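The values are calculated or read from the model by the stated rules, or taken from the named source; none is laboratory data. As the structure is a computational prediction, the values presented were derived from the model and not from experiment. Reconstructed Cβ throughout: ideal geometry from the backbone, glycine too, with neighbour counts over all protein chains shown. When the accessible area is computed, the model is the full protein with side chains, heavy atoms only, and any ligands, DNA or RNA have been set aside. Shrake-Rupley method; radii C 1.70, N 1.55, O 1.52, S 1.80 Å.
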Amino acid sequence: MIAAALAAGVAVVLLLGPLGAFGTSTASRPCSSYPAPGTPAPTGTKLPAGLTAEYSVFSAPQRTVDRLRPGQVSSLGASGLIMSGTRFVGDAAFGGRIYLVPAEHLLSFPIAPPRCLSPVQRTIEQESLPVLRHEYRQPALCVAVIGGNGRTRECAPATGTPYPLLSARGTPGFGLVPNGVSAVTVTYSAAAPRTVAVRRNFFSIVVPSQAAPPCGVQWLDPTGNVKRTVLGCSYLIAEKQELDEYRSYVARKLSTLRSQLVTLSAAIASGRLAEAKSAWLSAHLTWLEIGQDDGAYGCFGALGGEVDGLAAGHPLGAADPGFTGFHRIEYDLWTKRDLSAAAKDTAATEHLLAALVKVPLSTYLPATANGLGSWLLRPHEVLEDALRDSLSADDDYGSGTDLASITADVAAVRTLLTELEPSLVLVAPHLAGDARAELAALTGAIDATRAHHAWVSIQDLPTRQRQQIDADVGAAVETLAPLPDLLTSAGSNSPTN
């Protein structure tokens, strides 16, 4: 429903090749000239092909009430906003007007070369490349609530069926439908269904006294028959697809990780300690981007613990043969400065990873009720682990890179939020946005600690900065805590089929 990228900015080679849009080099263009969300298209830009055919609301002339100023929609996740195409479609329940805003490109964050980005943005952008490539090439439709208590600023691809159902604070249902749909039936898990007429491709249920969020919608044809069930109330159906997307993400990460371990092994074999440390950090962050220690928060079981476990609990501590994986290599490189030991432990980690990838991800991440319930815990518990292990420096074996680890945790949470948002927006429309704002504050606080792009260890942070980072992680953990209950129909972390 909502397609959100995870990071800001990518090099112009992403879409335009090595040269800028007008044949100039990227170095000669100011950062402000690159595509940015919320920017209007040139005057006279026409609507994307096919939009007027599917939605008759755009065929009628623009009325005075339809017009918006660019500043009113500058927070939308799209660029090239076609201001001549904005249309007023209805009122929100607790005040505010609902508008449709077409755009040339779906774009959640600016597109810019690395020189225009902060160090944290440059780190995160690597995760955004596939998403931004896909999204920017698509025209967008956005829905914005202007005024009142609503904060809805949502954008989706203009193709397909964007916004079959939306929910905003105080509004129990509104959405966009294509031509040929005369009415919709909106269903709720905690209220009776409602059938309302469609006007100008839009439906809106304005019942301020009803707080129940919608969980399903059916499109009705002129005879009242169900034309299409766009969304149902079973969380299992939607989240199986989202879990499959996450599996694909994990598979890509594991593939990248295997290559990075080869690079690490080569650096160690050549005796280049500084290069080996850098390669170790890149590989470790990739592992964490799956979703915290112990293999995507425990989904890899004992094998995940061997890949990224701690020395705690082993009789001999860091010297124990049972202490393996990334932190053992970290101990070798930073504390012992022993490349021979690092070579041996890196080879052992490569064997562990090879064993891990032989097992289908559907085994580690099953699309069962219990598997989905466990998966829904992950966004919250990834950051809870960061509080317990990284911010305490309990998992620091000499590298002083716990703050880097937290940025990787944030990348993992952003990915999970993006995958879960189509379901989450129906029951808690502002949770994902609030969590993203808190994650942005967290990465900003971490970015402020870096001197000359170098990571600072937790122990060396000034008290005030450490307290700020602690507070930002805690705020995000609290915001994400209700997510499992919200996305299970029984309100349980362990749902049944």
(request) Please give the length that would be gained between residue 471 and residue 347 if that part of the chain were fully extended, namely 0.36 nm times their separation in residues minus their C-alpha to C-alpha distance (nm, one decimal). (result) 40.8 nm
(request) Show the residues, 5+ positions off or on another chain, whose built amide H is closer than 5 Å to the amide H of residue 91. (result) 98
(request) Can you check what the net charge comes to around residue 87, using other residues whose Cβ is under 10 Å from the Cβ of residue 87 (Lys, Arg +1; Asp, Glu -1)? (result) +2
(message) Restricting the calculation to Cα positions, tell me the Rg (one decimal) and the Dmax (whole number) of region 316-385 in Å.
(response) 16.4, 47
(request) From largest accessible area down, sort 427, 413; use a 1.4 Å probe on the protein chains. (result) 427, 413
(request) With a Förster radius of 56 Å, plug the Cβ-Cβ distance of residue 358 and residue 206 into 1/(1 + (r/R0)^6) and report the FRET value to the nearest 0.05. (result) 0.50
(request) List the residues whose amide H sits under 5 Å from the amide H of residue 81, counting only those 5 or more places along or on another chain, with H placed 1.01 Å from N in the peptide plane. (result) 39, 41, 104
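Could you grab the relative contact order for region 295-356? Cα pairs under 8 Å, six or more apart, rounded to a whole percent.
28
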(request) Just reorder 155, 116, 31 by solvent-accessible area, largest first, 1.4 Å probe, all chains present. (result) 31, 116, 155
(message) With a cut-off of 8 Å between alpha carbons and a minimum separation of six or more residues, what is the relative contact order of region 432-492 in percent?
(response) 40
(request) Please report the base-10 log of the normalised intensity I(q)/I(0) for region 335-437, using a Debye sum with one equal scatterer per alpha carbon and no solvent, at each q in 0.12 (1/Å). (result) -0.62
(request) Run down the lysines and flag those whose C-alpha is under 23 Å from the C-alpha of residue 277, throwing out any fewer than 8 positions away in its chain. (result) 253, 336, 344
(request) Sort the following peptides by mean Cβ neighbour count (other Cβ atoms within 10 Å, averaged over residues), highest first: 219-226, 52-59. (result) 52-59, 219-226
(request) Mind ranking 133, 29, 200 by accessible surface for me, highest first, 1.4 Å probe? (result) 133, 200, 29
(message) I'd like to compare 383-391, 32-40, 96-104: which one has the highest average count of other Cβ atoms within 10 Å, and what's the full order after that?
(response) 96-104, 383-391, 32-40
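Stretched out fully, how many nm does the piece from residue 255 to residue 269 gain, at 0.36 nm a residue minus the Cα gap?
Length gained between residue 255 and residue 269: 2.9 nm.
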